[in-house]
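Presented below is the structure to which this report refers.
Bear in mind these aren't lab numbers, they're just calculated from the coordinates by the rules spelled out. Please read all numbers here as calculations on a predicted model, not as lab measurements. Here the Cβ is made from the backbone with ideal geometry for all residues, glycine too, and neighbour counts use every protein chain on show.
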Amino acid sequence: MRGRGPFELLLLAVLMAVGTWLGGWWAVPLLAAGWQWLRPGSAWSIGSAALLGWGGLLMLLPPAPFGRLLERLGGLLSLPGPVLLVLPLSYALLLGWSAARLTLAFRKAGG
Amino acid sequence: MRGGRAGAGLAAVPLPLRAGASLLRPGPLPRLGPLLDPVRGIWSVAREAELPARATGAIPGLTAPVTVRYDDRAVPHIFAANELDATRALGYVVARDRLFQLELSWRAGAGRLTELLGARALPIDQESRRLGLPDAAARRLAALPPDSPERRALEALSDGINARIAAAGSRPPFEYQVLGVTPARWEPVHSLHLLGRMGWILALSDLEENHAAAARLVGEEAADALYPRESPIQEPIQPNGQLAPRYDRTPLPPPAGGSARAARRGTSGWEDPLEQDALGSNNWAVAPRRTAAGHALLAGDPHLELTLPSVWYEAHLVTADGLDVYGVTLPGALGIVIGFTRDLAWSLTNTEADVYDRYAETVDDPAQPARYRVDGAWRDLRLAVEPYRDPAGRVVHTDTLRFSHRGPLLQAAGGEWESHRWTMLETGGRLTLFGRAARATTAAAWLDSMVEHRAPAQNMLVADRQGTIAIRSTGRFPLRPSGRGDLRQRGDSTAVDWSGDWSPAELPQAIAPAQGFLASANQQPIDPAAAPRYLGANWYSPWRAIRINQLLRADSAVTPDAMRRYQTDPGSPAADLFVPALLTAAAKFPERDSVVRAARLLAEWDRRYTRENTRAVLYEAAMRALGDRLWDELDPARADGAVDAPGWAVTARLLNDPASAWWDVRATTGVREDRDRLLADALAAGLQAAIARHGAPDAGGWRWDQVRYANIYHILRFPGLSALRVPVQGGQSTLNPSSGSGSFGPSWRMVVELGPDVRGWGTYPGGQSGNPASSRYADRIGQWSNGELDTLRLPRTPDGLGAQAGPVLELEPAP
């Protein structure tokens, strides 16, 4: 399986972020699938790019309200607030990875 | 009125409690993609949490631009050309801060919560629809001509709310995202649904049911005495010339043997006997000659359910045509409900009058009635088939509602069909009264502006800058041919129907009283010696009124700060009455170690519900044990109905009759308890219960703030979004009563000094924003808990806030 360089990862992460900003969460699996189709390689690296992209978007949120939100949602689930960051990040990772894996399987099945 | 109180207490609780509690049950997961999306999902509420320094918006129908300047407490000061524009802007800013609360409130009144929350909300919806709340709202709206001020105001408010819904676009508030739904468009009728729900909270009663169940157990005469039409302690709202409360010291008629079965509403939830005096609202005003600065003072202290966000929203409306009013509104309602202008201030408490009657009807078919018999002829019932839908639009349940000429027809517990007639369900009264009254410049003119108010009836207290203080119990009080409303009538004849209403001149009221102060605390408004006509029954014990009047009689130089302190005064007239009685009784049993020990501990208490006191726990446990023993004739084990425990004012009356049959505990055969024996037994049992629950007396567990606190729940009862175990000062029958659940209490505290320049102070438990990511979500709770108030800003222009100025929102007419 072909590896991906840091530049490619970064580019993909930016695309994921911009795609999500413009089109919503569906941008992640669509971009993951499209990228994997065009440049087959590690599905984990595509997932990681999705994680980076969403992480960047979360960093754009105003920090004080975001911190309060994490704290209060943490209280809702009896967890420390920052732990909740795992939820969107792991979701992006798994979404990107699964779309890339599926695309790879299709590519192989298609010969 | 015990029945009304049941309405107040229960009604306030069920919406978040039932709906919220069921929401905490495992249910379908929200769709993760939209929820976790960092741009539009749940996190995006952080982006909406704080207003930018300058924001813009557009509202259809605005006749001119509106400037909204927020102050440092996040209160919007709305500067508009006219009242309708101000109303549009108010709708916009309320929706910006409280959109989900708006939706939950109207749906609760409309019986349409299932469309938001699913079938789990069905019981609440059924209750609202069966009571006829949405039916009444629809009829009331239909009765408004299109060009009437009320209709135009409702439409203006809708314009503003809907403009904000449109502006929120794909980023609705947090709760919508969790539930996976989108905001519904606001319609004018939604404001009426919301008011119907508030009426349900404030004016529903079960006096007839309660009286009938009690009469089956102890006989009619005893039931009349236990749930009296005249409070056994008279400290009325309309001053009666007394310098102290008047106690009824006559003996209670003994219980008659009854064979029927009923259940006393006893020791669970707020219906605990001690809870009876844990709820209520206060207001009082002092004339200039009794204040330090020589200006009239007014304090408002309405008690409602404590929620996050709060039931109230603070705002200031200024228009070019002369309106300048500050105070709190109910999100989704028109105008400022409690507040002040540059000329006067006002506040409300619930009147607790009996405005709800039941009539047993003869129907053609007890299984599926379609007609009922009146005056010897059959009349058709009006039938309405009501589908309840889930968020996907699927019908989850269907009801057939029935209405007689009196109101909704409901099946009672015994299977009999009853018509329910209630002032809240009958059109009348004007919706724009508060706006009109805010233009008055004198107390008398303000009261006259409000005289058309019909329901829920309120004790309206007002003070003006000329120094006049005045109060009127305002609302529709029906006249019954039988002279009583606490007994269920047979509905076979129209001769039993209401024959009219109290005229304005007959309403309990006082203007510029000689005593120099006025106060109301949900007590019987008028001394029956002055007006023997039936107004209600089973009234609140007037402990809070007694305490306010004690404080005001003792202070001839009242200051605004004293008014503030009184709002959390820890003194308890009930404890002042019952503690000596308990100690005197205990002294007669020196041979009983448990009684002696309990008495020693109780004697250490100064009868003040301060946070740090460690003896109120024992007093309350003893009183609970007393209630359980004293009212054993209304034994919960004999279940076949429900009976409220009699009020503590009735117990106070009984103290004068040491050998009354009521003191005897039926379970102790062969022993006949008298007053002192029962009081001593209760004290000893209270000590045992307090130790069992809170540990040894001095081990730390008896500290009051460890035992009693406020629980301010999020409106969907999400624990992480709630403020729980908030310490408060106060307890049973104090001015700041705290209920066992802690979810009821002072919902808005306000003090106004009516000097040359009006000054106001206030706060409520919560914050202006319903957004949990906002710094304004719960920022006032600490201050509220400590009994402190903020200075309220009253700028004359958008630039008048100076250093306290916050963000500005410019609203333009939508193209």
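Each residue of region B:399-413 is assigned a 3J(HN,Hα), and the resulting list reads 10, 9, 9, 10, 9, 9, 5, 8, x, x, 9, 10, 8, 6, 4 Hz, derived from the Karplus form 6.51 cos²θ - 1.76 cosθ + 1.60 (θ = phi - 60°), x at Gly and Pro.
Normalised by the residues of chain B, what does the relative contact order come to in percent, with Cα pairs under 8 Å and at least six apart? Intermediate values should be presented prior to the final figure.
Details: 1934 pairs, mean separation 177.7, N = 815.
Averaging sequence separation for qualifying contacts and normalising by length gives 22 percent for chain B.
Per residue of B:39-51, what is the mean number of Cβ atoms on other protein chains within 10 angstrom of that residue's Cβ?
Numbers: counts 13, 4, 5, 5, 13, 3, 4, 11, 5, 2, 7, 3, 0.
Rounded to a whole number, the mean comes out at 6.
Amide H contacts under 5 Å for residue B:62: B:814, restricted to partners 5 or more places along the chain or on a different chain, H placed in the peptide plane at 1.01 Å from N. By the Stokes-Einstein formula, at 0.692 mPa s and 37 °C, region A:6-109 with its Kirkwood radius over alpha-carbon pairs has D equal to 232 µm²/s.
In this rough spin-label picture, where each label sits 7 Å from Cα along the Cβ direction, the residue B:466-residue A:22 distance is 6.9 nm. Scanning residues 5 or more positions from residue B:389 or on other chains, those with amide H under 5 Å from its amide H are B:115, B:396, with H placed 1.01 Å from N in the peptide plane.
Once the Cα atoms are used to define both axes, helix B:616-630 deviates from the longest principal axis of chain B by about 60 degrees.
Using 1/(1 + (r/R0)^6) with R0 = 35 angstrom and r between the beta carbons of residue B:58 and residue B:452, what's the FRET efficiency to the nearest 0.05?
On the way: r = 35 Å, r/R0 = 1.00.
After rounding, the FRET efficiency stands at 0.50.
When the convex hull of its Cα atoms is viewed from all sides, the protein assembly as shown shows a mean projected area of 43.2 nm².
The 3J(HN,Hα) values that the Karplus relation (6.51, -1.76, 1.60; θ = phi - 60°) gives for region B:52-64 are, in residue order, x, 4, 9, 10, 10, x, 9, 10, x, x, 4, 8, 7 Hz. Gly and Pro appear as x.
Residue by residue, region B:536-543 carries 3J(HN,Hα) couplings of x, 8, 6, 5, 4, 5, x, 4 Hz when phi is fed to the Karplus relation 6.51 cos²θ - 1.76 cosθ + 1.60 (θ = phi - 60°); x denotes Gly or Pro.
Please compute one quarter of the surface area of the Cα convex hull for region B:292-338 and express it in square nanometres. The partial results should precede the final answer.
Working: hull surface 20.6 nm².
In nm², the orientation-averaged hull projection of region B:292-338 is 5.1.
Distance distribution P(r), region B:357-425, all Cα-Cα pairs, bin width 10 angstrom from 0: 20, 46, 25, 9, 1 percent. The amide H of residue B:558, built 1.01 Å from its N in the peptide plane, has B:291, B:292 as neighbours under 5 Å, considering only residues 5 or more places off or on other chains. Site pair residue B:342 and residue A:14 shows an inter-label distance of 5.8 nm when each label is modelled 7 Å from Cα along Cα→Cβ.
Counting Lys and Arg as +1 and Asp and Glu as -1, what is the net charge of the other residues whose Cβ lies under 14 Å from the Cβ of residue A:81? Walk me through the numbers before you get to the answer.
Numbers: positive: A:68, A:72; negative: A:71.
That works out to +1.
If Lys and Arg each add +1 and Asp and Glu each add -1, what is the summed charge of the other residues whose beta carbon sits under 12 Å from the beta carbon of residue B:343? Mind dumping the intermediate values first?
Numbers: positive: B:342, B:439, B:465; negative: B:324, B:464, B:757.
So the surrounding residues net to 0.
Suppose the chain between residue B:479 and residue B:668 were pulled fully straight at 0.36 nm per residue; how much longer would it get relative to their current alpha carbon spacing? Display every interim value, and only then the final one.
Values: separation 189, 0.36 × 189 = 68.04 nm, distance 4.52 nm.
Between residue B:479 and residue B:668, full extension yields an extra 63.5 nm.
Once both labels are positioned 7 Å from their Cα atoms along Cα-to-Cβ, the gap between residue B:581 and residue A:78 label points is 4.4 nm.
So if I take the alpha carbon set of region B:442-594, get Rg, then get Rh from the Kirkwood formula, what is the Rg over Rh ratio? Dividing the radius of gyration by the Kirkwood radius yields 1.09.
Suppose the chain between residue B:501 and residue B:791 were pulled fully straight at 0.36 nm per residue; how much longer would it get relative to their current alpha carbon spacing? List each step's numbers first, then the result.
Working: separation 290, 0.36 × 290 = 104.40 nm, distance 4.14 nm.
Full extension of this stretch gives 100.3 nm more.
Counting Cβ atoms of other protein chains within 10 Å of each residue's Cβ and taking the mean over peptide A:13-24 gives 2. Rounded to the nearest 10 degrees, the inclination of helix B:83-110 to the longest alpha-carbon principal axis of chain B is 50 degrees. Between the helical axis of B:573-586 and the dominant principal axis of chain B, each derived from Cα atoms, what acute angle in degrees is found, rounded to the nearest 10? Roughly 20 degrees, rounded to the nearest 10. Beta-bridge orientation, the protein assembly as shown: approximately 85 percent antiparallel, per DSSP, counting only bridges with both partners inside. For chain B, the ratio of Cα radius of gyration to the globular rule of thumb 2.2 N^0.38 Å stands at 0.94. A Gaussian network model of chain A, with springs between Cα atoms under 10 Å, assigns the largest mean-square fluctuation among A:70, A:52, A:79 to A:79.
Please state the charge dipole magnitude for the protein assembly as shown, taken about the Cα centre, from unit charges on C-beta atoms (+1 on K and R, -1 on D and E), reported in debye and rounded to the nearest 20.
Working: 98 positive and 95 negative charges, 498 e Å.
Value, rounded to 20: 2400 debye.
Let's test the formula: R0 of 56 Å, r as the Cβ-Cβ distance of residue B:725 and residue B:445. What FRET efficiency results, to the nearest 0.05?
On the way: r = 45 Å, r/R0 = 0.81.
E between residue B:725 and residue B:445, to the nearest 0.05, is 0.80.
Annotation note: trypsin sites (Lys or Arg not before Pro) in region B:638-696 located in DSSP loop regions with a Cβ neighbour count of at most 12 within 10 Å are B:666, B:672. In the protein assembly as shown, the DSSP-assigned H stretches of four residues or longer account for a calculated mean residue ellipticity at 222 nm of -10500 deg cm²/dmol, using -39500 (n - 2.57) per stretch and the full residue count as denominator. Quick one: grab the alpha carbon gyration tensor of region B:71-147, order the square roots of its eigenvalues as a ≥ b ≥ c, and give me rounded if a/c is under 1.5, else prolate or oblate depending on whether a/b is larger than b/c. Taking the square roots of the gyration eigenvalues as a ≥ b ≥ c, region B:71-147 is oblate. Taking Lys and Arg as +1 and Asp and Glu as -1, the other residues whose beta-carbon sits under 12 Å from that of residue B:34 total +2. Given R0 = 35 Å, the distance between the Cβ atoms of residue B:375 and residue B:127 translates into a calculated FRET efficiency of 0.65.
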